[in-house]
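Below you'll find the structure, written out as structure tokens, and then a few comments.
The values are calculated or read from the model by the stated rules, or taken from the named source; none is laboratory data. For clarity, every value in this text was computed on a predicted model and none was experimentally measured. Here the Cβ positions follow ideal geometry from the backbone for every residue, glycine too, while neighbour counts run over all protein chains shown.
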Amino acid sequence: MEVVVQVIISSLSLGSFYALGALGIGLLFGVLRLINFAHGDFITVGGFSLIVPATAVVAVPLILDFHPVALIICVVGVVVVWALASYFLLFRHIQTAPPAVLMIASVALSFSIQNLIIMIYSGRPKAVGLWPELTGVIPLSDKVQVPILQLVIVAVTWILLILLTIFLRRTPIGVEMRAAAEDFRMARMLGVNATRVIALAFVISGALAGIMALMYHTQTGILSFRGGVFLMLYAFIATVIGGMGSLIGAVVGGYVVGIFSTVLIAILPEGMRGFRDAFVFGLVVVILLARPQGLVPTRAFKERV
Amino acid sequence: MLLSVEDIYVHYGRVPAVRGVSIGVSEGEIVCVVGPNGAGKSTTLLTISGVLRPSQGTINFDGQSIVGLTPEAVARHGISQVPEGRHVFTTLSVEENLRLGTRMRRDRAEIEADFKRVLELFPVLAERRRGAAGKLSGGEQQMLVIGRALLTNPRIMTIDEPSLGLAPNLVDRVYEVLLELRESRGLTLLIVEQSSERAIKAADRIYVLRSGEIQLEGDAADLQDGEKVRQAYFGFTEGVEHAGEATF
């Protein structure tokens, strides 16, 4: 019983994490048909913004010492600026290119960011103590303990999901964004400003990455130049499973991947746990064989301007 | 001339799709461009819309050049575009689709009045207001797209094949509505149509486009018997009797 409760909470928290990542990727895919492999690196950048840029082994706090509210605003702000810069300096100039070109550009951007981080901060991992008070546990009974951070991650994710839903459903610019994701050319013919909609998608995607950076680095306590890469990989398969371009699909896919990985860890015999990824990616293959369009299909692969 | 396209050339890669096409539309006029598949009709409209760029030639709207503008900038000039294949946003509600048409406008009071008028014009849209637009039938979607285009308060509406994929009685209804709109609000229309019979019935003036070139241009009144149009449409003079039997 104790194990079941813990697995449920852990899988919800991990699933929330992947869902947020998948949303960040799905939003950009929706409006730009961009599969952004640099999304994970935006998360890494958010983590490194906490400390003073230097190659020294011991990290010197920068934003890390700020008041929590200022800290959140600064980290999210830094990542949003990176996301916007990557749009205006890179993707905007190739936005009419085929999706494969956009994807490869994002891979190049990803490696550039990683190497830039190595140049500035060195390649060694650095310890960073972000919000240690969140790493405690709440005892539910003698045997069941729930990590506070996991609850925070689930709560924050759902708040963000609700805010994003309200934005997309209730605001005119949100409706424009949904329209653009479905049929960008028609949206433009109705006067929807393409640059504004895409830039806003980068802002939201960047903000999600910034918040993920905070939660991720609170959990790991370690800054590494490849920190976000695996997150991106899992978030990406979540979007594929969910159905590229569907935001609901991204969330569903995130939870499927999160729950499946956590359950695997719980039920696999000790010696096989190291091969969890093989099972997770095996699941992806099975799902795609059964439903190549993803769990929540969209018209995403239609041609666009 | 409200809209004047002069001597435009449009290429897909190196393949010319439109060669030296000139089309003029005056205020309050209904102009139809007819021609067979692949004649360059849609290409011409997409070029006016700013989706494609002409390699040569000028497009002026109300005396201003609109060549090289983005589709949204062209739309802001008051050119409302209804591209081929209806293009409703299927995941958005009917109302959200319609409201998208008003996003360029700032005249709030007028917007609400226009919105009511469109719902009166198309009662089925009022009934399905909150439903997903993807659930509408083909004819209803065409009404939605025209209603949405009207809500941009256009100075000219360009429509690509309004009859595509619709049952004949629905096509009649679509043209009825378009003619009504011209009567009631002096709407200027540039319509691309495959059926020359429809075009002759609805239009004030007709252009016949084939193989990327204008073959014939004239007042619909002078082309009533359809013979000249058919010749230009098919591109041969012998065997015209045979061509006349084609159901187009």
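Each row is one residue, and each column tells you yes or no for (1) farther than 25 Å from B:ALA149 by Cα; (2) within 13 Å of chain A (Cβ to nearest Cβ); (3) in contact with a His (Cβ under 7 Å, 6 or more places away or on another chain).
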position: B:VAL10; (1), (2), (3): yes, no, no
position: B:ALA17; (1), (2), (3): yes, no, yes
position: B:GLY35; (1), (2), (3): no, no, no
position: B:LEU45; (1), (2), (3): no, yes, no
position: B:GLY50; (1), (2), (3): no, yes, no
position: B:PRO54; (1), (2), (3): no, no, no
position: B:GLY57; (1), (2), (3): yes, no, no
position: B:GLY68; (1), (2), (3): no, no, no
position: B:SER80; (1), (2), (3): no, yes, no
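In this structure, is B:GLU127 away from chain A (no Cβ under 14 Å), over 16 Å from the mean Cα position of the chain (by Cα) and not small (Gly, Ala, Ser)? So B:GLU127 fits the description; yes. From the residues in the stretch B:91-123 that are at the interface with chain A (Cβ under 9 Å from one of its Cβ atoms) and part of a helix (DSSP H, G or I), which one is surrounded by the most Cβ atoms within 10 Å (Cβ to Cβ)? Among them, the one singled out is B:ASN97.
For the stretch A:275-302, the set of residues classified as over 25 Å from A:MET212 (Cβ atoms), at pLDDT below 85 and away from chain B (no Cβ under 14 Å) consists of A:PRO292, A:GLN293, A:PHE301, listed by residue number. B:LEU121 passes every criterion in (1) in contact (Cβ under 8 Å) with a residue 40 or more places away in the chain; (2) within 15 Å of the chain's Cα centre (by Cα) apart from (2).
Each residue in the stretch A:174-228 was checked for being part of a strand (DSSP E or B) and in contact with a helix residue (DSSP H, G or I) (Cβ under 7 Å, 6 or more places away or on another chain), and 1 pass. What about B:LEU136, is it more than 14 Å from chain A (Cβ to nearest Cβ), of a type in the set (A, V, I, L, M) and buried (at least 21 other Cβ atoms within 10 Å of the Cβ)? Here the answer is yes, as B:LEU136 does meet what is asked. From the list A:PHE225, A:PHE202, A:PHE167, the one residue that fits, being among the aromatic types (Phe, Trp, Tyr) and either facing chain B (nearest Cβ under 10 Å) or over 17 Å from the mean Cα position of the chain (by Cα) (or both), is A:PHE167.
Here the condition is being under 13 Å from B:LEU46 (Cα atoms), within 9 Å of chain A (Cβ to nearest Cβ), among the aliphatic types (A, V, I, L, M) and under 21 Å from the mean Cα position of the chain (by Cα); of B:VAL74, B:VAL88, it holds for B:VAL74 alone.
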